[in-house]
1. For segment 30-69, which positions are of a type in the set (Val, Ile, Thr) and in contact with a Leu (Cβ under 9 Å, 6 or more places away or on another chain)?
2. Assigned to a helix (DSSP H, G or I), modelled with pLDDT of 85 or more and of a type in the set (A, V, I, L, M) - does that describe any residue in segment 4-23?
3. Name the pairs whose Cβ atoms lie under 8 Å apart, with the first residue in segment 52-75 and among the charged types (D, E, K, R), the second assigned to a helix (DSSP H, G or I) and loosely packed, with under 13 Cβ neighbours inside 10 Å, and 6 or more positions between them or separate chains?
4. Applying the selection to segment 36-45, what residues are in a helix (DSSP H, G or I) and more than 19 Å from Leu24 (Cα to Cα)?
5. Provide a single number: the residues in segment 39-54 that are under 24 Å from Glu20 (Cβ atoms) and over 10 Å from the mean Cα position of the chain (by Cα).
6. Might you check whether a residue that is in contact with a helix residue (DSSP H, G or I) (Cβ under 9 Å, 6 or more places away or on another chain), polar (S, T, N, Q) and at pLDDT below 85 occurs anywhere in segment 40-60?
7. Out of segment 46-68, which residues are surrounded by 13 or more Cβ atoms within 10 Å (Cβ to Cβ) and outside any helix (DSSP H, G or I)?
Amino acid sequence: MRRARLNQLMYTNYPSCTQEEKDLACELVFTYYYDRNDSDFEAAIDEIQHDLVSLELNESYERCQLLKDVLDRFE
C-alpha cells in the first residue's frame, strides 16, 4: 500500500516538479518497465506506448505526461 501511495503522489505532482525531479521520475519509471520486461529495451518501450494509449483513453493526463517524457528521451 505504501508503494502505491508513493507512486500516486509521484504521478499527481509530476507536472509541478522541477526538471531535476522530472528526470528522476522518468528514470524510475523507465527502470520499472525495463525490469518488468526482463531488460528488453524494445519490449519496455512497446509497453510504455501501449500504456500511454490506454491512459489517454482514461484521461489520466498526469501519467500520460510522464510516460510521454520517458518516450521522448529515447526518440
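The values are calculated or read from the model by the stated rules, or taken from the named source; none is laboratory data. Quick caveat, the model's predicted, so the values are computed rather than measured. Cβ: placed from backbone, ideal geometry, glycine included. Neighbour counts: every protein chain shown.
1. Let us first name the residues in segment 30-69 that are of a type in the set (Val, Ile, Thr), namely 31, 45, 48, 53.
If the condition is that a residue be of a type in the set (Val, Ile, Thr) and in contact with a Leu (Cβ under 9 Å, 6 or more places away or on another chain), then Ile45, Ile48 are the ones that fit.
2. Within segment 4-23, not a single residue is assigned to a helix (DSSP H, G or I), modelled with pLDDT of 85 or more and of a type in the set (A, V, I, L, M).
3. Short answer, once both residue conditions are applied: Glu62/Thr12; Glu62/Pro15.
4. Our first condition is that a residue be in a helix (DSSP H, G or I); within segment 36-45, this holds for 36, 41-45.
Matches in segment 36-45: Glu42, Ala43.
5. 2
6. Scanning segment 40-60 turns up at least one residue that is in contact with a helix residue (DSSP H, G or I) (Cβ under 9 Å, 6 or more places away or on another chain), polar (S, T, N, Q) and at pLDDT below 85.
7. Listed by number, the list holds a single entry, Ser60.
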